[in-house]
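Novice: Below is a structure I'd like to ask you about.
Read-outs: derived from the displayed coordinates by stated rules, not from any lab. Just so you know, these numbers come straight off a predicted model, no measurement behind them. Neighbour counts run over all protein chains shown; Cβ positions are idealised from the backbone, glycine included.
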Amino acid sequence: MSQTNIAVLVSGHGRGSNMQAIIDACSCGAVNANVSVIIGTKEDSPAMNRARLQGINTAAINPKAFPDNDSYGMQLLDVMNKHNITLICLAGYMRILPSVVIKKYRWAVMNIHPSLIPLFCGQGMFGENVHKAALEYGVKVSGCTVHFVDESYDTGPIIIQKVVPVKCCDTIETLAARILEQEHIAYPEAISLFVQNRLKVEDRCVHILPSQDCN
Ligand code: GRF
């Protein structure tokens, strides 16, 4: 099987902890893939700086520098082609990916969201907003979701979810931290399943096929 080359996409203020979890899982061999390039919407986000310090290729592509979403998408595709990318991972990327990219990479683009989708997701639900909404609603569990990306915010087929308890003494920060820990486990797990060709999308269900190793 050919090598899975990953592009991680981050937004302008991206902190890059999920990006780092993916890099670490690939470099220690837990995931049999290669992080080929980090693409940011800005040159100097913490995530991009972190990537450069580790000698990973970066590309800054500012969507606002393009006349429309399609031409931004074509530029993204150029970078994907250059690095022979087979999987795109959004990690703190706050935009809808241009449809030219989604079409070319159908079910080969993943995102992570810090709630149990379909709760507390969709446009405007990012960062603190998600955890604030969960606490205000009074849910007893929350968590994170890795899903394939389609043309809307957080609506694509769900690959993996991790559940964490919500405690009565939780603040936005303590809940976010508990969930982030699980994000760093869930994302590499989902990528590993993809690399092993074990994800089959049927309607909006992602079937996880058995491992070939367990005979
Ligand atoms: C994470 O909470 C992720 O679920 C969401 O954006 C945040 C990115 O954090 N999509 P980081 O940059 O990976 O630390």
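Novice: Specify the longest stretch of the chain that does not include any exposed loop site, a site being one of the GluC sites (Glu not before Pro) with a non-H, G, I, E, B DSSP assignment and at most 16 other Cβ atoms within 10 Å.
Specialist: Maximal segment without exposed cleavage sites: 44-150.
Novice: Would you compute, for the Cα atoms of the chain, the largest minus smallest coordinate along each principal axis and list the three values in descending order, in whole Å?
Specialist: Sorted largest first, the three principal extents are 50, 49, 36 Å.
Novice: For the charge dipole of the chain, defined by +1 on Lys and Arg C-beta atoms and -1 on Asp and Glu C-beta atoms about the Cα centroid, which residue among Cys28, Val141, Met48 has the Cα displaced farthest towards the positive pole?
Specialist: Checking the options against the dipole of the chain, the answer is Cys28.
Novice: Follow-up question, since we're still on this one. Label points 7 Å out from Cα along the Cβ direction at Asp70 and Lys132: separation in nm?
Specialist: 3.8
Novice: I would also like to ask the following. Over the chain, calculate the relative contact order: mean separation of alpha carbon pairs under 8 Å at least 6 apart, over the residue count, as a percent.
Specialist: Computed over the chain, the figure is 19 percent.
Novice: Further, regarding this structure: Measuring from a point 7 Å past the Cα of Val100 along Cα-to-C-beta, which residues in the range 51-78 have an amide N at less than 11 Å?
Specialist: Hits in the range 51-78 for Val100 at 11 Å: 67-78.
Novice: In addition: What is the local net charge at Ile38, summed over the other residues whose Cβ is closer than 10 Å to its Cβ (Lys, Arg +1; Asp, Glu -1)?
Specialist: +2
Novice: In addition: Placing +1 at every Lys and Arg Cβ and -1 at every Asp and Glu Cβ, with all other atoms neutral, what dipole size does the chain have around its Cα centre, in debye to the nearest 20?
Specialist: Here the chain has a charge dipole of around 140 debye.
Novice: Report, in order of residue number, the helices in the chain meeting two criteria: a C-alpha extent of 27 Å or more along the helix axis, and a mean Kyte-Doolittle hydropathy of at least -1.0; treat each whole DSSP H run as one helix.
Specialist: 172-195
Novice: Also: How many percent of DSSP beta bridges within the chain run antiparallel, rounded to 5?
Specialist: Rounded to the nearest five, the antiparallel share is 45 percent.
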